[in-house]
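What follows is a single structure, written as structure tokens, with notes after it.
The values are calculated or read from the model by the stated rules, or taken from the named source; none is laboratory data. This structure is a prediction, so every number in the text was calculated from the model and none was measured. Positions of Cβ are generated from backbone atoms using ideal geometry, with glycine treated the same way; all protein chains shown enter the neighbour counts.
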Amino acid sequence: MTKVGGNGGTASEGPHESGRIFTMLENNPEVMNDLVHRLGVSDALAFYDVYSLYDADMMAMVPRPVFALLTTIPMTEAWKKTRDEEDVDLQWYKGSGKEEPVTWFRQTIPHGCGLIGLLHSVSNGDLVVPGSQLANFLDKAVPLGMDERAKLLADDVEMYESSEAVALKGDTATLQRGEVNHFVALVKARDGHLWELEGNRKGPLDRGALAEDEDAFSERALKLGIKRLIDIQKEGGGGDLRFSCIALAPRVN
């Protein structure tokens, strides 16, 4: 049985261009809802826990449509092997501008995985309130290339302060001693495709087309996204994959 849960703390890889080191974020609705609304995502949206990817009754607890899944996944041997094999043939991302199907951020800041995962989840649809902190940031970030965009985020004091303001909610303070995981956002983007977005890859990954009535929590999206990673772990003989998963969806009272 695949286990959904755990703290979901992450540690970062790669160089950084700022002296700031972010506090790790826990992948749970309390933390991410606070942060996302501080940044300027519509109050009509919220993150929800995903308790199962297989039990229909538990899956029905998640409001629809789901715009993005934000997951934290441990770097298992099987997943690392698959990533390395896939990355060999990939070029570093060279896209920029509003004509791109997705907005993607390369991670260059220590422990910035959570903030970047959240940005990937909310920056690829009409979800941001005009004139908000996040809207103003994206206006500057979207036209930039990969390296300039990463530097903009690393140097943005408001983004850093917003992330730090929520960093001690829940069990986040214990994550510094926890398991090393990676934040991965699975997003239905403007082109109708499911995109896998992680700041430690060479760029955004197109996992395939979704039908108009298929959201990021549809069976096809799960098969192309998180269940594909579960299968990689099983086929690699690694046993259960322990991960956390939350869904961005319409707010319900």
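Listed values, structure above:
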| item | result |
| --- | --- |
| Qualifying residue in segment 164-186 (condition: closer than 22 Å to G95 by Cα, modelled with pLDDT of 95 or more and part of a loop (DSSP other than H, G, I, E, B)) | no |
| Test result for M32, touching a Leu at 6+ places or on another chain (Cβ under 9 Å), modelled with pLDDT of 95 or more and under 28 Å from E148 (Cβ atoms) | yes |
| Segment 54-79: number of residues that are at pLDDT below 95, surrounded by 12 or more Cβ atoms within 10 Å (Cβ to Cβ) and not hydroxyl-bearing (S, T, Y) | 5 |
| Unique residue being charged (D, E, K, R), farther than 23 Å from N28 by Cβ and in contact with a Gly (Cβ under 9 Å, 6 or more places away or on another chain) when the list is K98, K140, K81 | K81 |
| Sole residue being touching a residue at least 12 places away in the same chain (Cβ under 8 Å) and touching a Lys or Arg at 6+ places or on another chain (Cβ under 8 Å), chosen from V122, V142, V128 | V142 |
| Qualifying residue in segment 84-92 (condition: within 18 Å of the chain's Cα centre (by Cα) and surrounded by fewer than 21 Cβ atoms within 10 Å (Cβ to Cβ)) | no |
| Members of segment 132-163 found to be in a loop (DSSP other than H, G, I, E, B) and farther than 26 Å from V66 by Cβ, listed by number | P143, L144, G145, D156 |
| Those residues of segment 35-65 which are within 25 Å of R242 (Cβ to Cβ), in contact with a helix residue (DSSP H, G or I) (Cβ under 8 Å, 6 or more places away or on another chain) and not polar (S, T, N, Q), in sequence order | L35, V36, A46, F47, Y48, D49, V50, Y51, L53 |
| In segment 97-111, residue farthest from the chain's Cα centre (by Cα) [restricted to those that are closer than 12 Å to P204 by Cα and without any contact (Cβ under 8 Å) to a residue 60 or more places away in the chain] | E100 |
| Any pair with Cβ under 7 angstrom, 6 or more apart, that starts in segment 79-92 at a residue that is in contact (Cβ under 8 Å) with a residue 24 or more places away in the chain and ends at one that is loosely packed, with under 10 Cβ neighbours inside 10 Å | none |
